[in-house]
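To keep things clear, I will list the structure first and then write my remarks on it.
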Amino acid sequence: MGSRVCLVHYHEIGLKGKNRARFEHILMDNLKAALAAFSVATIVRISGHILVTFSVSGQAEEAYPLIARVPGVARVSLAFHTNREPHEYCAAAVRALAEVGEFASFKVAAKRSNTDYELTSIDLNRQVGEVLCEAYPDKKVQMHDPDATVHVLVVQGSVYVYARSERGVGGLPQGSAGKVMTLLSSGIDSPVATWMLARRGAVPVPVHFSGRPQTADTSEFLVRDIVDAMAPAVQIGRLYVVPFGDCQREISLACPASLRVIMYRRIMYSVVERLAGLEGAKAIVTGESLGQVASQTLENIMAVNEVVELPVFRPLIGSDKQEIIARAKEIGTYDISTQDAPDCCTLFMPRRPETHAKLDAVHEAWDMFDHDAMIDRLVENVEYVDFHSPCYRVPKALSVHHDDLMPAH
Ligand code: ATP
Ligand code: MG
C-alpha cells in the first residue's frame, strides 16, 4: 500500500527564477525546525515539491495540519508513497479517495516527471480511473470541477498518490527577506501584523513595552504566550522587553495630558529604531488600523512617525476589526490577546487624548522632558528573552556588548 508522506507545494517560490534553490532551502530548513517534535526521516526536493517523510507511522497525518501553517507553503498533501507497480499505486488511489469524505464526482490527475516510465499521463489517468470506477461504482467521473481529485505523481522509482490536500498559508519562507522590528503589545492587532510580515518572508524581532515597575508584568507573559502560539510554524528568535512605566510617569508629569499618548509612542518608535540599528533590521511594523482608536488618526500617525527614518509598515491599516479578529483566531493568538493585562497602554491614560494633534503643540511637548536621555536609558536597560529559531541571527553588535542587555527574567 505504501507509506504515508507529506508533499509540500509552493507557488511563489517557484516564481523566483534564480533564487528558487535558495528559497527552497530556506523553506526546507524552516520545515525541519517546525517539525522538530516529530521523527522526520527526510526532507528533500522532488519534481517541484518538497517531500517530507517520517520514521514513525502516523506522524505524516499528525504533521500535515502544522505544515499548512508554515509560511511559504501554498498547499500540503497527505500522500501514499508506492513503487511503480500498477497494483500498488492503484490500491493507494482507492485508499486515497476514501479519505476525502463525502463526494459525488471525481477525476484522476496523473503527472509523470520522468519520461522513462512506459505509461503516459493519459494512460495513467485511464488505468487508475478504471480501478476507481470499479471501487466506487456509484460515483461519477467528472473532468470539470469534480468534488475530489486523485493525483498520481510518477517520479524516478516512486509514485505518490493523494486526494487529501489542504491550502497552506502561502507567502514566502521566513528568512527569505530581512529582519523587521515589530511593536508587539498583548492586544489583538500587533500579533496579526507580526504574523503577516513573517508570512512575507521577514524575520520579526518584536519589542514589547511593559508598564513595569508601575504595573505588574502580566503583559510580558502574555506576549511570550503570543510568540509561543505562533510557533513552531512562525518562528521568533528574540523578544525585547522595555520596562516603560517610570518613563511614562515622567512624561505624564511633564507634558499636557492630551498629548501623553503621542509622547509615549514617539519614545517607543525611537527606542525601536535604535534597536533596529543594533539588529540590522530595515523596517518597523505596527498593528495600527486607521481610525480604530484615538491614536490612529492620520494626524497622530504623522506626529509619531516623524521621529524615525526607517520605513514603518502598518499591514492592518485598511483592515476591519472583524477581519483582524478572524486572522487572530486562525493563528492562535486571539484567546491570549483577549485576556486582561495592564500594560503601558492603560497606564496614565488621559481622559481625553488628542485625536488630531497639531505638530507645533507636539514639538513643544516633546521638548518639555529630556527625550534623548530617556531614549538612551531605555535602550541601555532593554531586556530580552530568546527562543529557538533557525531564522534569527543574534546581531554582532549585541553578541559583543551583551553586558548591556539582560535576559528577561
Ligand atoms: P494592539 O491590538 O496591537 O494592541 P491597539 O488597537 O490596542 O493595537 P494602540 O494601542 O493604538 O492600538 O497601539 C497601536 C500599535 O502600537 C499596536 O498595534 C502596536 O504595534 C503598538 N503598541 C501599542 N502598545 C504597545 C506596547 N505596549 N508594546 C509594544 N507596542 C505597542
Ligand atoms: Mg493595544
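Place +1 on the Cβ of every Lys and Arg and -1 on the Cβ of every Asp and Glu in the chain, take the dipole about the Cα centre, and give the residue among LEU132, VAL382, SER185 whose Cα lies farthest towards its positive end. Final value for the positive-end residue is LEU132. Mean separation of Cα pairs under 8 Å and 6 or more residues apart, divided by the residue count, gives the stretch 179-405 a relative contact order of 32 percent. For the residue pairs LYS179/LYS396; LYS321/LYS358; LYS32/LYS111; LYS32/LYS329, the C-alpha atoms sit more than 19 angstrom apart in LYS321/LYS358; LYS32/LYS111; LYS32/LYS329.
With a Förster radius of 25 Å applied to the C-beta separation of GLU380 and LEU290, the computed FRET efficiency comes to 0.15.
Counting 0.36 nm for each residue step from GLN339 to ASP360 and taking away their Cα separation leaves a gain of 3.8 nm.
Once C-alpha pairs closer than 8 Å and six or more residues apart are averaged by separation and normalised to the residue number of the chain, the relative contact order reads 17 percent. Each listed q (0.16, 0.17 Å⁻¹) maps to a log10 I(q)/I(0) for the stretch 3-167, found by the Debye formula over equal Cα scatterers with no solvent: -0.94, -1.04. Working note: Cα gyration tensor of the stretch 179-405, eigenvalues times five, square-rooted, sorted largest first, giving semi-axes of 25, 21, 16 Å.
So what does the Cα-only Debye profile of the stretch 58-134 read at q = 0.19 Å⁻¹, as log10 I(q)/I(0), no solvent term? Log10 of I(q)/I(0), two decimals: -0.97.
Please find the FRET efficiency linking ALA109 to GLU62, where r is the Cβ-Cβ separation and R0 is fixed at 25 Å, and quote it to the nearest 0.05. In this case the efficiency is close to 0.45.
For the chain, the alpha-carbon coordinates run over 82, 44, 37 Å along the three principal axes, in decreasing order.
Rounded to the nearest whole Hz, the Karplus-based 3J(HN,Hα) values (6.51 cos²θ - 1.76 cosθ + 1.60, θ = phi - 60°) of the stretch 69-82 follow the sequence 8, 7, x, x, 8, 7, 7, 10, 10, 9, 10, 9, 9, 10, with x at glycine and proline. Just checking the listed ones, GLY211, GLY101, GLY170: in the Gaussian network model of the chain with Cα springs under 10 Å, the one fluctuating most is GLY101. Between the helical axis of 86-98 and the longest alpha-carbon principal axis of the chain there is an angle of about 50 degrees. Short-range pairs are left out: with C-alpha atoms under 8 Å and at least six residues apart, the relative contact order of the stretch 159-300 is 29 percent.
A short reminder: the numbers here are calculations on the coordinates, not readings from a lab. Worth saying up front: this structure is predicted, and the values here are computed from it rather than measured. Neighbour counts run over all protein chains shown; Cβ positions are idealised from the backbone, glycine included.
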